[in-house]
1. Where Rh is the Kirkwood radius over the Cα pairs of segment A:1-138, the temperature 37 °C and the viscosity 0.692 mPa s, what D in µm²/s does Stokes-Einstein return?
2. Over the Cα atoms of segment B:35-193, Rg to Rh with Kirkwood Rh, two decimal places?
3. Please report the spacing between the Cα centers of segment B:321-395 and segment B:43-87 in Å, no decimals.
4. Let me confirm one metric for peptide B:123-133, namely the mean number of other chain beta-carbon atoms within 10 Å of its residues' beta-carbons.
5. With N denoting the number of residues in chain B, provide Rg(C-alpha) divided by 2.2 N^0.38 Å, to two decimal places.
6. Quick check on packing: order B:367-380, B:248-261 by the mean number of other C-beta atoms within 10 Å, highest mean leading.
7. Using a 7 Å offset from the Cα along the Cα-to-Cβ direction at both A:K250 and A:S216, what is the distance between the two label points in nm, to one decimal?
8. Looking only at other chains, what is the average number of their beta-carbon atoms within 10 angstrom of each beta-carbon in A:118-131?
Amino acid sequence: MPSNSIQLDDNGKLRHFLSIEGLNQTILNEILDTADSFTSVTDRTIKKVPILRGKTVANLFFEASTRTRSTFELAEQRLSADILSLNVTTSATVKGESLLDTLQNLEAMQIDMFVIRHQDSGSAHFFAQHVRPGVSVLNAGDGQHEHPTQAMLDMYTIRHHKQDFSSLRVAIVGDILHSRVARSQIHALNLLNTAEVRVIAPRTLLPMDTESLGVSVYEDLEQGLEGVDVIIMLRLQRERMRGALLPSEKEYFREFGLTQERLQLAKPDAIVMHPGPANRGVEIESSVMDGNQSVILQQVSFGISVRMAVMSMIVGQSGLQSGSDA
Amino acid sequence: MNLQIKNGQVVNPLESTVIKTDLFLQDGKIAGLGSAPKSFKAEQTIDAADHWVLPGLIDCQARLRDPGEPEKANIESETKAAIENGITSLCIPPDTQPPIDNSATVELIHHRNEMFGHQAQVYPIGALTRGLGGEQLSNMASLRANGCIAFSNAKVPLANNLVQRRAMDYAGGQHSLVIIQPLDHDLLANGCAHEGAVATRLGLPAIPEAAETAALAKDIELVAQTGARTHFGQLSCARSVDMVRRAKAKGLPITADCAIHQLFLTDHDIGNFDSNMFTIPPLRSQYDRDALREGVADGTIDCLCSDHQPHEVDAKLKPFPSAEPGISGLDTLLPLALRLVEEGVLPLAELIAKLTLNPTTIMGLPGGRMGIDEVADLIIVDPDSHWVCSASSFVSKGKNTPFEGWDFHGSLTHTLVAGNVVYKR
């Protein structure tokens with residue numbers, strides 16, 4: 001895959017972080033291990049390390065985001081970076097500036113790292129192909145393609161609870177067609193040798209040849225949940241009703257909503273995850289979301305250490321020890 | 001001017017032959033094949049030993065972006081590109097700005113070609129409906145009188161079936177050719193890549209086959225209903241080839257073409273979101289590509305075209321879904337055609353017929369034939385020369401090519417229009 005060459009340098013180290021596809025198990029494990037070392041930082045009174053001191057990180061969000069953006073910003077702050085956050089939906093590109101011009105203008109401000117969310121699939125690759133050597137790009141979600149840091153924080157959460165991926169059955173439930181999170185999760189789970197990755201969705205929310213991603217496909221929630229260790233619920237976007245993809249939220253909940261009763265079909269110690277923001281009563285029942293099998297809020301806090309890990313690996317520092325000496 | 005081309009391997013698409021012989025050109029026409037006409041005295045002689053001599057290519061679908069989009073290209077730049085790549089006639093679809101729906105635009109195009117053009121024939125295809133709006137019929141008879149060779153709604157499908165039926169009836173009643181690019185805009189939606197494993201993996205909004213085939217099925221039924229002679233342009237799906245094959249077998253007055261890049265590229269070539277691979281219709285699967293090649297070989301697909309869509313650099317310097325679709329194809333039409341011969345899709349003369357004889361027959365144009373009294377639009381090709389494709393050496397103003405770095409065999413040495421050498425390498 002050509003994505004190898006652009007994301008990794010000649011020594012196989014991360015140069016950009018664009019997609020899980022094209023990475024390898026070693027790097028994924030290194031991210032998870034590095035994140036472990038940062039989780040302790042997050043628990044300290046003084047939550048800062050100097051790994052990104054003197055570096056400038058620009059957060060470019062062409063699409064709205066709450067948790068991804070704020071956890072990226074927190075991660076950057078805790079790594080002591082200088083931060084420039086631009087809400088691009090209300091700035092230059094609206095005035096007609098091209099994406100490339102926006103990029104080059106920011107580069108002129110000596111940015112070292114870009115964190116980008118954009119509505120076009122492939123936009124992170126596009127940025128990475130056009131930045132100056134030495135400048136890194138982190139994909140915070142490109143269209144329907146990938147959202148690799150989200151997938152890594154999900155892997156971190158799973159590993160935290162389940163340790164060994166090779167014995168796990170994981171079900172991803174919901175709008176696979178439009179989900180960049182699902183694509184990244186599927187690649188990550190497969191790279192980590194997960195025993196079985198299932199996707200569960202009505203046919204209108206499944207892309208063509210879904211199996212080619214390396215998953216088994218279920219169109220029936222109850223069958224799909226049978227015996228799984230991990231359930232990842234995806235957010236159902238309201239606009240899906242308008243596109244005639246689904247009849248109604250009510251019917252979706254009836255067929256694909258995760259209820260206490262359906263949760264019983266999974267393994268007794270199964271965990272329930274959701275990348276957020278969740279629609280209570282549409283894809284997930286409140287009692288499941290707030291129940292003791294839910295790890296949804298943990299995902300959010302792990303997001304900070306995972307993003308710290310990825311950024312520190314990109315600047316060439318794997319973990320806290322070397323970081324503290326800097 | 002009397003001109004003799006001697007010792008060339010003369011390709012005759014009508015007879016499907018390649019014969020070493022001499023050609024004698026007089027008064028802009030082919031005056032002798034093999035033997036000189038009486039009292040012929042050559043003023044100029046070209047030795048074409050070990051070279052192929054072919055009719056000039058007819059590109060049945062090329063956008064010159066003129067009038068309306070000078071940042072992309074214009075008649076001057078693109079007719080030069082055509083001539084220097086062996087294309088002596090260009091059929092241009094009506095989606096210029098303004099569209100070719102009135103005689104003034106037709107005259108403007110002809111005028112610009114006379115003033116600034118480089119000797120290539122430019123044949124406008126008229127709009128089927130006014131402003132391509134799909135509501136009112138265009139003044140087809142006037143447009144035809146002014147030189148429109150056929151009528152089409154270009155990439156803008158007619159949303160209203162009744163209007164389409166009437167447009168086809170009206171055009172058919174005038175014995176005009178209707179050209180349709182089958183495309184259902186509802187199914188096309190915001191898609192930018194073939195619906196399959198590649199689009200699924202890259203998260204690119206997908207274009208199902210039905211965006212083409214559902215429209216084509218309806219269009220074929222309307223041909224059956226109206227009897228209007230109809231040419232289907234830029235087919236991309238295996239199922240479309242099959243549908244056209246069956247409709248032809250039933251005797252419907254149907255012909256078809258496909259863009260030559262569809263015979264080489266598939267959705268896998270999108271690779272890492274390469275926006276030069278973004279086309280509409282999209283690059284399809286290997287299966288579709290193979291079926292299109294079969295359709296070319298068995299005659300289901302009558303013509304090949306460049307589907308030339310030159311762009312300024314910025315149009316492609318965007319993330320894949322936001323880039324503009326299309327390929328700058330004039331510079332690669334001939335080499336890709338020769339490569340099809342090399343790859344055994346069809347013998348030389350039969351393949352060249354799809355770029356000469358067939359389009360002229362379907363569109364009712366001069367040229368495309370190698371016979372006495374035919375117009376002497378000819379090209380000479382050195383089959384042994386090797387070269388590497390590079391956008392930087394494209395003659396077209398559009399450098400948007402997916403064929404950068406491809407190895408090609410065979411290159412043009414001369415282009416003649418009406419018996420005169422207008423380009424020599």
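1. Working: Rh = 16.0 Å.
After rounding, the answer is 205 µm²/s.
2. Working: Rg = 19.0 Å, Rh = 17.5 Å.
Using only Cα positions, Rg/Rh for segment B:35-193 is 1.09.
3. About 10 Å separates the Cα centre of segment B:321-395 from the one of segment B:43-87.
4. Working: counts 0, 0, 0, 0, 0, 0, 0, 0, 0, 0, 0.
Per-residue shielding by partner chains comes out at 0.
5. Working: Rg = 20.7 Å, N = 425, 2.2 N^0.38 = 21.9 Å.
Computed over Cα atoms of chain B, the ratio equals 0.94.
6. On the way: B:367-380: 22.1, B:248-261: 20.4.
Packing order, densest peptide first, comes out as B:367-380, B:248-261.
7. 3.5
8. Numbers: counts 2, 3, 11, 11, 15, 6, 2, 7, 9, 1, 1, 4, 1, 0.
Average neighbour count from other chains, rounded to a whole number: 5.
Rule-based calculations on the coordinates, nothing more; no lab input. Just so you know, these numbers come straight off a predicted model, no measurement behind them. Backbone-built Cβ (ideal geometry, glycine too); neighbour counts: all protein chains shown.
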